[in-house]
Ligand SMILES: Nc1ncnc2c1ncn2[C@@H]1O[C@H](COP(=O)(O)OP(=O)(O)OP(=O)(O)O)[C@@H](O)[C@H]1O
Ligand SMILES: [Mg+2]
Ligand SMILES: [Zn+2]
């Protein structure tokens with residue numbers, strides 16, 4: 001796509017902030033956090049979109065209970081995001097089938113993602129949450145750099161290996177000038193069903209170490225809770241206002257929203273600067 005095409009085809013025109021959700025390590029709960037942050041931001045009264053940018057393991061269709069085989073409406077030039085639980089959602093999974101092999105190399109995948117970001121009619125959004133693919137490779141770097149992220153949230157678990165990878169994620173965002181607004185420590189502890197005491201299964205202090213080192217606040221510590229797995233299996237993110245688990249996400253969402261408001265206002269869109 002030429003720069004001119006991108007300008008005339010910018011579905012991000014009325015999107016105020018793009019928020020990346022990243023983790024260095026896979027499987028730490030990035031998609032679970034992205035989905036719940038999206039519905040929590042919505043519950044604050046914001047208009048919210050969600051881009052599933054994890055093209056190798058897209059999961060937001062499932063998390064939001066979107067029937068398999070659902071295709072976004074299109075006018076031939078751009079797509080209309082699929083609405084679920086009050087969130088506008090777009091995923092490469094909506095455009096591919098079981099028969100489409102996902103054997104893309106980095107540059108192809110990057111290009112396809114940028115195109116998906118721009119060629120979706122996001123409409124009027126306060127926040128577009130982007131569930132980034134795990135890792136800190138070229139795809140993540142390019143997207144972080146070119147999608148003009150207003151900020152990012154880094155998800156980790158307390159284990160040393162995840163913390164080490166989260167550090168790489170933070171440093172990647174630092175390199176491209178994207179502020180990391182907060183850390184979420186997932187699977188942080190388990191609440192005993194009998195007496196309610198909290199048990200730190202994988203040790204403590206992982207995210208706190210990062211907070212100390214980089215000055216990035218821990219905006220959420222989430223328990224290991226089977227309800228989060230069930231929520232994704234059922235396709236219904238937790239969002240009841242009297243639910244302590246959902247309340248964790250709302251607290252994180254408030255912190256993110258405040259940081260976005262405080263941060264320098266950036267016009268979203270694909271950057272013209274070639275690397
Ligand atoms: N706090 C939690 N308690 C219990 N289960 C959880 C929790 N967080 C995530 N899970 C479960 O762990 C699995 C991995 O979570 P998820 O898919 O969100 O991770 P991810 O980082 O996006 O993974 P990937 O790297 O594959 O994209 C899912 O089955 C999810 O339901
Ligand atoms: Mg995921
Ligand atoms: Zn107990």
Scope the range 202-214; condition more than 13 Å from residue 154 (Cβ to Cβ) and without any contact (Cβ under 8 Å) to a residue 40 or more places away in the chain; matching residues = 208, 212
request  = Look through 61, 26 and report the one residue that is more than 16 Å from ligand 3 (Cβ to nearest atom), farther than 16 Å from residue 116 by Cα and surrounded by fewer than 24 Cβ atoms within 10 Å (Cβ to Cβ).
outcome  = 26
Subset tally (residues that are surrounded by fewer than 14 Cβ atoms within 10 Å (Cβ to Cβ) and either within 16 Å of the chain's Cα centre (by Cα) or assigned to a helix (DSSP H, G or I) (or both)) for the range 224-250 = 7
request  = Considering only the range 2-84, give the strands (runs of 3 or more DSSP E) lying wholly within it that have at least 1 residues that are closer than 16 Å to residue 256 by Cα and touching a residue at least 60 places away in the same chain (Cβ under 8 Å).
outcome  = 15-22, 48-52
task = Kindly list the number of the only condition in (1) under 26 Å from residue 25 (Cα atoms); (2) modelled with pLDDT of 95 or more that fails for residue 108.
result = (2)
inquiry  = So in the range 129-172, with the set limited to residues that are in contact with a strand residue (DSSP E or B) (Cβ under 7 Å, 6 or more places away or on another chain) and in a helix (DSSP H, G or I), which one is surrounded by the most Cβ atoms within 10 Å (Cβ to Cβ)?
reply    = 166
inquiry  = Looking only at the range 251-265, count every residue that is in contact with a strand residue (DSSP E or B) (Cβ under 7 Å, 6 or more places away or on another chain) and not in a helix (DSSP H, G or I) and tell me the total.
reply    = 1
message = Could you check the range 122-152 and list, in sequence order, the residues that are at pLDDT 95 or above and either more than 18 Å from residue 38 (Cβ to Cβ) or within 15 Å of ligand 1 (Cβ to nearest atom) (or both)?
response = 129, 130, 131, 152
task = Sort out which residues of the range 179-223 are within 16 Å of ligand 3 (Cβ to nearest atom) and either at pLDDT 95 or above or assigned to a strand (DSSP E or B) (or both), and write them in order of number.
result = 189, 190, 191, 198, 199, 223
query = Of the residues 129, 180, 154, which single one is within 13 Å of the chain's Cα centre (by Cα) and without any contact (Cβ under 8 Å) to a residue 60 or more places away in the chain?
reply = 180
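The values are calculated or read from the model by the stated rules, or taken from the named source; none is laboratory data. Note that the structure is a prediction, hence the values are computed from the model and not measured. Because the Cβ atoms are built from the backbone with ideal geometry, glycine has one as well, and the counts that use them run over all protein chains shown.
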